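Take a look at the structure set out below.
Just so it is clear, none of the values below were taken in a lab; they were calculated from the coordinates. The shown structure was predicted, so the numbers you read here are calculated from the model rather than taken from an experiment. Cβ: placed from backbone, ideal geometry, glycine included. Neighbour counts: every protein chain shown.
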Amino acid sequence: MTTPEPQSPSPQPPVPVSKDRVYRSPAGIAGGVLLLALALWLGIDAVVAGEGRTPWLALAALLFLVPLVLAYTVRPAVFANDDRLRVRNPFRVVVVPWGQVASFRSAYSNEVVTEGGDKYQLWSIPVSLRGRKKAARQEARRTAGAGRGRGRALGGFGQFGAKTDIDGAEIDAGADGPVRAEADKIMDELRDLLEARKPAGTSQGEVTVQWAYEIFAPVVAGAVLLAVLLAIG
């Protein structure tokens, strides 16, 4: 009589990882795409129709400029989930677990500050002073409109059912809090996520920095080739 072999325990299902929230700059991406299109148009035309050293100079310039444009416009992004913040800047990727984040700073640029005192700029969330002024004007108009609406009889409903006062000015009665610039709203979201997830066990760890050698290599090669071509005349 044979005894049945003990069954190995079934593998535990993997712990689900929360989905990343991705923050990028649409204006930066649009500007980068336009610059790339212009550079490729001029560069390819110079390669095809140029004479002498012109095609080589055009190739070297493209090798130098295209990675830089990509790095500063299309590449930057911020990824945030329940465990960590991943900042993809032009020349490096920084992964900061929430437990290592000390604070976020917003002045002329948005930055994340680690518990060790290191600061990393959030390239994909640029500060717009114009956006802040616009938000302040909208908040002032909203506050004034709400005050008129409380102090005077309502005039009814305007276009698309929006509530208006007796002068016909729309009142955003459903607004929650003051009007904020888009970048400031994103920073508020990140601060809320930091407050909620900083003590979590899965949010602990070390800060890691990885340099973008895929950007450095073609830029250095293009710069060297340009220097050599210009030096030999």
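Sorted by packing (mean other beta-carbon atoms within 10 Å per residue), highest first, where do 78-91, 196-209, 116-129 land?
Working: 78-91: 19.8, 196-209: 14.1, 116-129: 16.6.
Top of the packing list down: 78-91, 116-129, 196-209.
In the neighborhood of Trp123, defined by Cβ-to-Cβ distances under 12 Å, what is the net charge if each Lys or Arg adds +1 and each Asp or Glu adds -1?
Values: positive: Arg24, Arg75, Arg88, Arg92; negative: Glu111.
Local charge sum for Trp123: +3.
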